[in-house]
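The values are calculated or read from the model by the stated rules, or taken from the named source; none is laboratory data. Given the structure is predicted, the values throughout are model-derived calculations rather than measurements. Methodologically, a virtual Cβ is constructed for each residue, glycine included, from the backbone with ideal geometry; neighbour enumeration extends over all protein chains shown. These area figures cover heavy atoms from the full protein model, side chains too; ligands, DNA and RNA do not enter into them. Shrake-Rupley method; radii C 1.70, N 1.55, O 1.52, S 1.80 Å.
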Amino acid sequence: MKSLLVLFSYHHKNTEKIAETFAKVLDARIETPKQVDLVKLRQYDLVGFGAGIDSGKHYKPVLDLADKLPIVDNKNAFIFSTAGLTGEKKLAKDHSTLREKLESKGYRIVDEFQCKGFNTNSFLKFFGGMNKGRPNSEDLKRAEEFAQNLKQNM
């Protein structure tokens, strides 16, 4: 299975740590939205789209790329993120904008992953941030299990 991870991670590289774990299991390339060749994207059997969450949605470069994607026919994709706050309802809300954009282009979302990430945005920087040390070894283990599950079910 040929896999690609599209990643935008810049602040504390939280989401990059998760993507690197996925990449090892899936033997996947990691590219930034600027590096993605829209024509070559069709060569991949599975594409993961991930970024940190800002104001309840993925960072803008990933969303902008999703707007530019060509229409595909039921291509397998998954969504991932790191965020200051997490939970099932939070994941569904945080991923909704990207999910809708991908589905409108013909992508089939096979699964979604989210874990906590170290956050020093806004006023949090004055208090040392939240979720220091996240993603941690337990989060990375969950990411590895998530990727193993994707690999087995594809």
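Each of Lys2 and Ser104 was given a label point 7 Å from its Cα along the Cα-to-Cβ line. The distance between the two points is 2.8 nm. Applying 0.36 nm per residue to the separation of Lys89 and Asn149 and subtracting their alpha-carbon distance, the gain on full extension is 19.4 nm. In this structure the stretch 1-123 gives 49 Å² per residue of accessible area when probed at 1.4 Å with all protein chains present.
Go ahead and collect, in residue order, the members of the stretch 1-37 whose backbone nitrogen is under 12 Å from a label point 7 Å along the Cα-Cβ direction of Lys68. Answer for this model: 32-37.
Translational diffusion of the chain, estimated by Stokes-Einstein from the Kirkwood radius over alpha carbon pairs at 4 °C in a medium of 1.567 mPa s, is 84 µm² per second. The accessible surface of the chain, taken with every protein chain in place and a 1.4 Å probe, is 48 percent carbon and sulfur. Cross-link check: pairs Lys75/Lys116; Lys40/Lys90; Lys68/Lys151; Lys60/Lys90; Lys13/Lys141 evaluated at a Cα-Cα cut-off of 24 Å; pairs beyond the cut-off: Lys75/Lys116; Lys40/Lys90; Lys68/Lys151.
Helix 137-153 and the longest principal axis of the C-alpha atoms of the chain enclose an angle of approximately 10°.
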